[in-house]
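What follows is calculated from the coordinates using simple rules that are stated; it is not laboratory data. It should be emphasised that the depicted structure is a prediction, and the values quoted were computed from it without experimental measurement. Methodologically, a virtual Cβ is constructed for each residue, glycine included, from the backbone with ideal geometry; neighbour enumeration extends over all protein chains shown.
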Amino acid sequence: MLVYRDGHRESVGEYSIIGGTLYTSADYWQSGSWTRRIPISTLDVPSTLAANREAGVKFMLPSGPNVVVTRP
């Protein structure tokens, strides 16, 4: 679950974070692209972390610019 600064929410499945951008899959037929780019600066990070914690989902952000986070 992503919570944006404007208050709307969006559920995403798999994601990757590269730099300050979160990449997730997109519907090619609607957007013309297989991936979507979501700048992390558009997210309400504390609310995103809290919403995922409440749902029992591990949502992890890297703690620094050269940190790689992996999970099974």
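Worth a mention:
- Neighbour cut-off at most 13 other Cβ (10 Å), DSSP loop, trypsin sites (Lys or Arg not before Pro), the chain: ARG5, LYS58
- Cβ-placed point charges (K, R +1; D, E -1), dipole of the chain about Cα centre in debye, nearest 20: 160
- Straightening the chain between VAL68 and TRP34 buys 9.9 nm, computed as 0.36 nm per residue apart minus the Cα-Cα spacing.
- Sequence-distant residues sharing a close amide H with LEU43 (under 5 Å, placed H): ARG5
- With contributions of -39500 (n - 2.57) from each DSSP H run of at least four residues, the per-residue ellipticity at 222 nm computed over the chain stands at -5000 deg cm²/dmol.
- Global geometry of region 1-55, whether rounded, prolate or oblate, following the gyration tensor of its Cα atoms and the 1.5 cut on a/c: prolate
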